[in-house]
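Values quoted throughout were computed directly from the atomic coordinates according to the rules given, and no laboratory measurement underlies them. Since we're looking at a predicted model, the values are computed, not measured. A quick note on method: Cβ atoms are made from the backbone with ideal geometry, for glycine too, and the neighbour counts reach across all protein chains shown.
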Amino acid sequence: MMRAPRPSVLLQRITPGTLDRYLVRQMAPPFLISLAVVMTALLLERLLVLLNVLAADGGTLKIFAGLLADLVPHYLGLALPAAICVSVFSVVRRMSDNNEIDALMASGVSLLRITRPFVVVGAALGLVGFSLYGFIQPYARYDFRQAMYFAAHAGWTPHLQSGMFATPTGTLMLTADRVDGAGTRLHHVFIRDRSDGLERDISAESGTLHIADDRSSVRLDLAHGIIVTDRRDAAPTLTLFDTSTRIFQTVSQARAFRSRGTDERELTLFELLRKVHSADPTIRRPHLVAELHFRIARALAIPFIPVLACALAGMAKRQRRNPGLAIAAISLVGFDHALQLGLSLVASRAMSPWLVIWGPLLLFCGSCIWLIVHRAGSAGSGRTWHGPFARLPTRASASPSS
């Protein structure tokens, strides 16, 4: 009969060894750099679109920062698999060039043993991806849509053009002969204000527009002008000024934004599961089922990405070029597109999720496992897995006669 391992032996097996800590430390810098580069590349196009939209609607830097923060979880979920693949590939490739892989295999450490700490890190990042796909991204997507709605319907945009007549309210008209400074510095300004039962005609040599952070009011600072006030029951009055300030209360066109949950992509995993069983009439059940399977499949695929990178990173010594990174990139993009296609097919009731979503997942994971086993077998036999965190053989254990 086999005895159960003692607690000290079990603790020793699950404790990371020297090799595990070394590989994880080597992986951390390229992972962070790859994540930053991929995130920047993905966000760049959307940032330009946001800047154009907010510039047209008079958005502030605070609104832009909020929208950018809402976009980060979405693009982080896309950048995470790519960063894992690039970082693991670069570490294994560098170790292969420096003959570290050969030295480890000569000491009895197989490629499977080298891959194991990367798989553990991939599993931890898979939990991060599960949290992103299942819980963080739905809230971030709803917050982004809500912020864009209020940014587009927050009222009058105080950015004028030369000779344009602007009507911030029904009783106010504003125009300027020349406008510069992105529509905020005005020259030869004319304002007609018919509020409070009076008519005020204001002309000034120059003016500067300032918008409040909440876009509820606009302040116009005028310089060197005249105010003509018509009281209707009395003679008009004339006022000269060097500086004058006018406050315009803008009228917001935005109503309360809809509640979260009318789109399946705004629901968390638990909410999706609950609506699938309760047959919610607001969202079609095939869309709920497709979204649920799609998110779980994406999260489960993350721990297998380091396996794919390790299997494709090694190459023959005389081989100058290694197409492994290109093959890994094509595999990841193809797998993601396959899941997207499966999502569309399940949502349209064309096929079952077990075939078009879980089928590509099993094919991808099985291919990764087959590649690493085949690569480890061709590289030579040796110590393989031996527990979650088996340590390297010591000099005493490697030489029993000493």
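Computed quantities for the displayed model
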{"quantity": "Rounded FRET efficiency, nearest 0.05, which uses the C-beta distance separating Gln340 from Ile247 and R0 of 45 Å", "calculated": "0.35"}
{"quantity": "Proxy reagent accessibility, fewest Cβ within 10 Å first, across Thr115, Thr18", "calculated": "Thr18, Thr115"}
{"quantity": "Exposure proxy order (Cβ contacts within 10 Å, fewest to most) of Arg321, Arg93, Arg295, Arg349", "calculated": "Arg321, Arg349, Arg93, Arg295"}
{"quantity": "log₁₀ of I(q)/I(0) at q = 0.09, 0.10, 0.19 Å⁻¹ - the range 220-362, Debye sum with one point per alpha carbon", "calculated": "-0.56, -0.59, -1.10"}
